[in-house]
């Protein structure tokens, strides 16, 4: 299983997933998952339990994503924003340019009742080390960050939303790759993409047994 996520302290939002166990195929899917206690007792996928409240039918949560980027070919990306409604306290999910998908109600939260104090962007895989080896599950395109545009996966235009609902670009990121011989990350910044990073990798390889 492969997830791409945006993580806030005490609540996890995830948005792009490949999971044969859950969906029966290897297609990337737009989905939601939330947990308010780091996966201990709360949380669920999509609309399988109460939690996320969808308000329109233009976006099918759990549906396969199309079109998809191709290696060394045309690239596609999705703009997503999570922001807090200062009046009611809900955390909203916005897709693309202003399309509100739905919200996580304020009653789900403890630490996030007022604000978030940490945001993480990135990817994760499930590694059970079957037969004693690291999984061969790819992250992103399966290419390391150093290969760059058209080859490696990326996040771009990383920003946060301040108290006045203004977008504030990230200036300092702390990069972390748990197993850099399996998957890695490389940061950059320019006037078009703002703050961005490439990331990913093949999983098990000669340097990642």
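The values are calculated or read from the model by the stated rules, or taken from the named source; none is laboratory data. Here the structure is a predicted model, which is why all the values come from computation and not from measurement. Neighbour counts run over all protein chains shown; Cβ positions are idealised from the backbone, glycine included.
Could you tell me whether residue 179 is at pLDDT below 90, farther than 27 Å from residue 47 by Cα and assigned to a loop (DSSP other than H, G, I, E, B)? No, not satisfied. Of all the listed residues (31, 76, 95), the sole one being free of Cβ contacts under 8 Å to residues at least 12 places away in the same chain and within 16 Å of the chain's Cα centre (by Cα) is 76. Scanning the stretch 38-66 for residues that are over 25 Å from residue 120 (Cβ atoms) and over 18 Å from the mean Cα position of the chain (by Cα) turns up 50, 55, 56, 57, 58. Taking the condition over 23 Å from residue 21 (Cβ atoms) and either surrounded by 13 or more Cβ atoms within 10 Å (Cβ to Cβ) or touching a strand residue (DSSP E or B) at 6+ places or on another chain (Cβ under 8 Å) (or both), does residue 188 pass? Criteria met by residue 188. When restricted to residues that are in contact (Cβ under 8 Å) with a residue 24 or more places away in the chain and touching a strand residue (DSSP E or B) at 6+ places or on another chain (Cβ under 8 Å), the stretch 150-166 contains 11. Would you mind stating whether residue 95 is in contact with a strand residue (DSSP E or B) (Cβ under 8 Å, 6 or more places away or on another chain) and at pLDDT below 90? Judged against the criteria, residue 95 is not a match. Residues in the stretch 142-155 that are surrounded by 15 or more Cβ atoms within 10 Å (Cβ to Cβ) and either outside any loop (DSSP other than H, G, I, E, B) or at pLDDT below 95 (or both): 145, 147, 153, 154, 155. The residues of the stretch 25-40 that are modelled with pLDDT under 85 and out of contact with any strand residue (DSSP E or B) (no Cβ under 7 Å at 6 or more places or on another chain), listed by number, are 37, 38, 39, 40.
Among the residues of the stretch 195-206, is there at least one that is surrounded by fewer than 18 Cβ atoms within 10 Å (Cβ to Cβ) and more than 29 Å from residue 132 (Cα to Cα)? No, the conditions are met nowhere in the stretch 195-206. When the residues of the stretch 1-24 are filtered to those that are out of contact with any strand residue (DSSP E or B) (no Cβ under 8 Å at 6 or more places or on another chain) and part of a loop (DSSP other than H, G, I, E, B), the one that is modelled with the highest pLDDT is 24.
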